[in-house]
Amino acid sequence: MNCLQAEEYFSAHFEDTLDYQTLQDFEGHLAECEACQQEYSRFQESVKMTQQLPQIEPSPYFTPTLMQRLAEEQREINGVKGIGTGWKRLLDVFRRPIWAVSGIVALILAIGGTYLHQEGFLFDQDPVSTVETSVRTQENRVTPTPRQPMQRHYVLKQVSYTNASTRGGL
Amino acid sequence: MLDLDDELMERYQKGDESAFTLLVRRHQQPLINFIARFINDRNSAEDLAQETFIRIFKAAHRYKPGRAHFKTWMYHIAKNLCKNELRNRERRDKYRVDNVIDSGSDSKGDSEEIDLIANTPANQAFQPEVALERKELRNAIQKAIAELPEQYRLPLVLRDLQGLSYEEISEVLELRSGTTKSRINRARLMLKDKLKPFI
């Protein structure tokens, strides 16, 4: 065992937790090395001094102030309970981050889905067919004409040409 | 079998509010001592200890007696609060250094450090000279502890001032047992070098 290795065992020797073989090696090194003897003696002394530092007492105001704050917290908790057990449970669930995040994501998806559905981006709905449907409804569905894919295409094309020309394109 | 802390927590969970008061009384002194020694500031230590108890109070319904250890849970919460406090102070100090040109007037830290030692009851010795020597030594030890890097200071305070076992310290700091032992040994070696003039 060299000096650096011996230093690693200072605490274990001080606390008497070394196994037999390491204890023999450590004490063998210390018997031969005066520098390590001195260092270990200083080590023991400084640990003892540190352990003898006095405990810091709480001030006389500590406990009354804390009790007052705890009573306030209790009132607040009781206030939340007063809202109703169902709401309390719901709030408790949403205090957990994973549930809170899941809830927010579900809400965004629901709002986004509703918006896209209304705008006609979902389920093959386009503005033209929506308009046609509403017109038909107003005319009390007199002649329900089947949708013509080609006509629809033509109308959409027209719209896109119009948009392009107003933007200064074709 | 439940230890007394767990039993008190269980009683509190069942509605016995006096059980929590008893828990506070049992742990307030060691907790304040730990925080004060770790952050080197007695006044803030009381505030942080109060905050620790309030957090425990709020989370008490989630505590499972017998599965966790109350003491390590309490120190874990206190440790996190202390780290936040030190981080905030560092930011504040940085801001102050950036904005205050006259650094000579900034001696509040030193006075707080001395107060921490002076306010301990053990200083009331009979002989003034001996008392002064002891006070100087305690100041030196506290200063040496405060100068240790945080990763060494924390396990040292928990071990040598709070008397926690290595297993408990590993639980509080979320470290492996070997790492905890090696950090405590390293901290003690550093302290020994810093206290050389007094030994």
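What follows draws every value from the coordinates through simple rules; no lab data is involved. No experiment lies behind these values; they were computed from the predicted model shown. Positions of Cβ are generated from backbone atoms using ideal geometry, with glycine treated the same way; all protein chains shown enter the neighbour counts.
Separation of segment B:1-39 and segment B:122-199, taken as the distance between their Cα centroids, equals 24 angstrom.
The orientation-averaged projection of the convex hull spanning the C-alpha atoms of segment A:3-51 amounts to 3.2 square nanometres.
Derived scalar couplings between HN and Hα for segment A:64-78 equal x, 5, 5, 4, 5, 5, 5, 5, 4, 4, 4, 4, 5, 4, 4 Hz in order, rounded to whole Hz, by the Karplus curve 6.51 cos²θ - 1.76 cosθ + 1.60 (θ = phi - 60°), x for Gly and Pro. This ranking places B:MET9, A:MET49 by how few other beta-carbon atoms lie within 10 Å of each, fewest first, which gives A:MET49, B:MET9. Legend: distances between Cα atoms for B:LYS143/B:LYS194; A:LYS48/B:LYS196; B:LYS79/B:LYS194; pairs beyond 20 Å are B:LYS79/B:LYS194. In terms of packing, defined here as the mean over residues of other Cβ atoms within 10 angstrom, the peptides B:84-91, A:15-22 line up highest first as B:84-91, A:15-22. For B:LYS58, neighbours were defined as the other residues whose beta-carbon sits under 10 Å from its Cβ, and their charges (Lys and Arg +1, Asp and Glu -1) total 0. Computed over segment B:1-105, the alpha-carbon pair-distance distribution with 5 angstrom bins reads 2, 12, 20, 19, 14, 11, 8, 5, 4, 3, 2, 0, 0, each value a whole percent. Sorting B:ARG188, B:ARG67, B:ARG11 by the number of Cβ atoms found within 10 Å of their own Cβ, with the fewest placed first, yields B:ARG67, B:ARG11, B:ARG188.
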